[in-house]
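Report on one structure; see the data block that follows.
The values are calculated or read from the model by the stated rules, or taken from the named source; none is laboratory data. Here the structure is a predicted model, which means the values were calculated and not measured. With ideal geometry, Cβ positions are generated from the backbone for all residues, glycine too; neighbour counts draw on all protein chains shown.
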Amino acid sequence: MTMFDDYDQCSDYHWTTKDVSVDPRDHNFMTYGLQVNLSHLEPNTQYAFYVTTYTVDRFGAKSAMLYETTLPSVPSELTQLVAYSNDKSEIVVNWQGPKKVNGKMKEYVVTWTLLKHDVSRINIRNYCDHPTSYVSDTDKVNPVITQVIGTEGDCCADSKKRPYTPKDGFEELCSNYKHCTIPVGNCGPLIGCESCFYSYVYKQPFEPIYHKIQNGSLNKTRVILSKNKNSSYVSFEGFRVFKVHIPGNSTGYTITDVLHYQDYLVTARACREAHPEELSQSDESRCSKTDIVTVRTRKNEQADAITSSVSYTVLNNTVLLSWNKPAKPNGLVVGFEIEHRHKDTENINPITNCFTFSEYESSKGTISLVDLVPGSYEVRVRAISLAGKGPYTEYIYFDVTSGSLSVFTILFVFVMLCVAVVALAVGCTIYHKRRRSLNRVLVKTVNPDYNPDYHYTPDHWEIPREDVEIIRDLGTGSFGKVYEGILKPNNIPCAVKTVHESATICETNQFLCEASVMKSVSGAYHIVHLLGVVSSPRPPLVLMELMSLGDLKTYLRSTRETKPPSNATMINMSLQIGDGMTFMEAKKFVHRDLAARNCLVNKDCTVKVGDFGMTRDIYETD
């Protein structure tokens, strides 16, 4: 080619011009010349270049045309990666090479590893109520063909049909968004967006292991060469990751000796040859990003067969069946199906019972068929795996006889007899205790806290009834009522406490006894003051100082919707209550009913102890 070649618009080649200005007065330029970096070039590509000079006199010169090839780079991803199983022990992997090798193609690196089943999650599902929907091995997905149409008159338009696979659309999605937001836990750096997608779908810990293998940071690993000199596997934490190197001119590989009906993770990437002038010759710089695909091998039709004999034990109308599970089932065994039929009845359909694998394990491999009517039976068993139902065993035959009690009937009778014996023993014990209590001598004593012979004696606390003026009702309790009143002649606001009109003499005496207790403790600052007593005529009245904010319980509840008391106020209230109780202890009295409802609050938030209905003298009964 020459610098005068002119290509049309559809050509892949064109000249690019880069203008560089210089200063003739620059000493470095005049001494060492000029160095220019050409960037954004294609890797492993030969470029032609020349230099043209321009002067103010419009005279210049052109250099000779030189050629240089750029260094190789990382190959692009595989165009397509497909894996399918054509046999119970084989996986066929096909791929299309990268669009840009960016070097000389050397090989493809294919790895595969077994994805273990999450047994705990599988056992959550009841496969008897929700069986698996098995997909036939012959089912295939037809590819989607799209038409690529160019604009009219565009010489670059390609009117040929090309296959469109889900992978193409997914890679387009990745290239548009440039990131993947699916959470995959501690997977570390992702191997492309598609890797993130598969990690989310299968939730298997293959990606961290794969990264450790790639980076060579596995501990306690061993690399073992197989019969094929190009293949090896790495064992790590129970996982075996097999690796094989395929020549660069190949487009497929058949993996053999894999397990039947198992999920495998297959990866592939393209690697070019190393260039001697490269600074780094690691796999990361020579090989493309890893493409990932999962595939399930075909099932083995005889793998779910129960090869052991089925043993049985007949206990009256119950039969116990035992057998061993399949050694190498298709995936996992998730249940068993038992079919039994009464042979003595003609044209009767067999009865099928399904048991989950958890039920089989919990019963230690023994399943019971209960409530069988007498007669001859034939029974057969088959396993249920992730691939569906396996083949039945041969029929076994047994007889159920009549005329004897079942095991459950015997257990029920035994339990009822035990209950009857225990009830009889308890009844005899209660009878003898009551009989001994009737023979005891009855000794009468007086309850020190309840004395009906108590009589109130009027003293200097007595106030004439006409000096008390009732204003309004404040509340009602089990003892009686409380009113707001005025004590004359000094017009002192007070609280007037009295009993119900229907109160008995005993209740009246108890009410006046409370007034006597208040006389003994009156004078303390944090105890409700007694102002006077009206003992006759009935009903009696007890006059106390008026606590305008009511009891402490109601006051605290009323402040929930406004402004609750501060911590300092609450502590101050507690100290005031403690001061009142200390004074009562000094007077040798026990309150016995201290609660927020029995503490009264004054308008200045002073709390005092009240309601002495259950208060007793410590030495009263000594």
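How do the strands (runs of 3 or more DSSP E) wholly within region 492-604 filter down when requiring 2 or more residues that are more than 56 Å from the chain's Cα centre (by Cα): which remain? Spell out the reasoning first.
Values: elements: 492-499, 530-534, 541-545, 599-601.
The strands (runs of 3 or more DSSP E) meeting that bar are 492-499, 530-534, 541-545.
Quick check on region 323-333. Is at least one of its residues touching a helix residue (DSSP H, G or I) at 6+ places or on another chain (Cβ under 7 Å), closer than 30 Å to K88 by Cα and not assigned by the TED database to the domain that holds S89?
Step one: list which residues in region 323-333 are touching a helix residue (DSSP H, G or I) at 6+ places or on another chain (Cβ under 7 Å), which gives 332-333.
In the following step, the residues that additionally are closer than 30 Å to K88 by Cα were identified as 332-333.
Then drop every residue that is not not assigned by the TED database to the domain that holds S89, which leaves 332-333.
Taking every residue of region 323-333 in turn, at least one turns out to be touching a helix residue (DSSP H, G or I) at 6+ places or on another chain (Cβ under 7 Å), closer than 30 Å to K88 by Cα and not assigned by the TED database to the domain that holds S89.
Under 9 Å by Cβ, and 6 or more places apart or on different chains, what pairs join a residue from region 335-363 that is in the same structural domain as I122 (by the TED database) with one that is surrounded by 13 or more Cβ atoms within 10 Å (Cβ to Cβ) and not acidic (D, E)?
none
Could you check region 238-301 for strands (runs of 3 or more DSSP E) lying wholly inside it with 1 or more residues that are surrounded by 18 or more Cβ atoms within 10 Å (Cβ to Cβ), more than 33 Å from the chain's Cα centre (by Cα) and in the same structural domain as T111 (by the TED database)? Walk me through how you get there before you give the answer.
Numbers: elements: 239-247, 252-256, 263-272, 291-296.
Because the criterion is at least 1 residues that are surrounded by 18 or more Cβ atoms within 10 Å (Cβ to Cβ), more than 33 Å from the chain's Cα centre (by Cα) and in the same structural domain as T111 (by the TED database), the strands (runs of 3 or more DSSP E) in region 238-301 that meet it are 239-247, 252-256, 263-272.
Over 47 Å from the mean Cα position of the chain (by Cα) and either of a type in the set (A, V, I, L, M) or under 30 Å from V295 (Cα atoms) (or both): which single residue out of A83, A61 fits that description?
Details: A83 fails: over 47 Å from the mean Cα position of the chain (by Cα).
Going through A83, A61 in turn, just one is over 47 Å from the mean Cα position of the chain (by Cα) and either of a type in the set (A, V, I, L, M) or under 30 Å from V295 (Cα atoms) (or both): A61.
Out of M581, M570, I need the residue that is out of contact with any helix residue (DSSP H, G or I) (no Cβ under 8 Å at 6 or more places or on another chain) and within 26 Å of F511 (Cα to Cα). Which one? Walk me through how you get there before you give the answer.
Working: M570 fails: within 26 Å of F511 (Cα to Cα).
Every option except M581 fails the conditions.
Output the residues belonging to region 76-100 that are touching a Pro at 6+ places or on another chain (Cβ under 7 Å) and not charged (D, E, K, R). Before the answer, list the steps.
Of the residues in region 76-100, the ones touching a Pro at 6+ places or on another chain (Cβ under 7 Å) are 76-79, 98, 100.
Scanning region 76-100 gives S76, L78, T79, P98.
Would you check if T31 is outside any loop (DSSP other than H, G, I, E, B) and touching a Lys or Arg at 6+ places or on another chain (Cβ under 7 Å)?
Criteria not met by T31.
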